[in-house]
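Below is one structure, written out as structure tokens, with a few remarks after it.
The values are calculated or read from the model by the stated rules, or taken from the named source; none is laboratory data. Only a predicted model underlies this, so the values are computations on that prediction, with no experimental measurement involved. Positions of Cβ are generated from backbone atoms using ideal geometry, with glycine treated the same way; all protein chains shown enter the neighbour counts.
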Amino acid sequence: MTIRFILNGEDVEVSVEANKRLVTILRENFFLVQAKSGCLSGGCGACSVFFNGAVSPSCLIPAFRVQGSEIVTLEGFSQTDEYQDIIAGFSGAGVESCGYCDTGKILVSELLLEQNIRPDREEFYRAFSGIRCRCTEPEHLYAGILAAGEIRQRRIYGRSS
Ligand code: FES
Ligand code: FES
């Protein structure tokens, strides 16, 4: 089938099997490789993308559901000021990462900060319940998100609170 959708702000179309996974389409048809093929069962977050504004596992999205949707991958999000806030916050808090599931961590961080610029621990742990990251300490990650929120407030309002 031919599917048309918006990918990182551009109208695209591609011919694929109707049940081909979005993560595979991104990697094989568009050479966007930040979304990784990890568990392929929705349990690790390594394949995360923004799918119509929500962080979603692209391994569970078949091609026929992509039709008419809007998708942003980490490659697209990395072009934004919001991405820079998060990277600066992670760096300032000493968040260590092997990179494997960065796409999930960064996109979930963004969604969390959009909802609350100073999320509490409960919100943090709830938001990250679908991310199985083996290399980043949760408390470091939480500190990185709080730091990113302060950086964002300074960037937008010229102050941190
Ligand atoms: S590869 Fe999609 S959630 Fe693990
Ligand atoms: S970044 Fe998640 S396992 Fe390393």
Determine the pairs where a residue that is within 13 Å of ligand 2 (Cβ to nearest atom) and of a type in the set (Phe, Trp, Tyr), located within region 92-115, has a partner that is at pLDDT 95 or above and in a loop (DSSP other than H, G, I, E, B) with Cβ atoms under 9 Å apart, the partner being 6 or more residues away or on another chain.
TYR100/LYS36; TYR100/ALA46
Inside region 1-29, the number of residues satisfying the requirement of being among the charged types (D, E, K, R), surrounded by 15 or more Cβ atoms within 10 Å (Cβ to Cβ) and not in a loop (DSSP other than H, G, I, E, B) is 2
Restricting the first residue to region 54-72 and requiring it to be modelled with pLDDT of 95 or more, which pairs with a second residue that is near ligand 1 (Cβ under 9 Å from one of its atoms) and of a type in the set (A, V, I, L, M, F, W, C) meet a Cβ separation below 6 Å and a spacing of at least six or different chains?
PRO57/CYS47; SER58/VAL23; SER58/ALA35; SER58/CYS47; CYS59/VAL23; CYS59/LEU40; CYS59/CYS47
Output the helices (runs of 4 or more DSSP H) that fall wholly within region 43-120 and possess 3 or more residues being buried (at least 20 other Cβ atoms within 10 Å of the Cβ) and among the hydrophobic types (A, V, I, L, M, F, W, C), or say none.
102-115
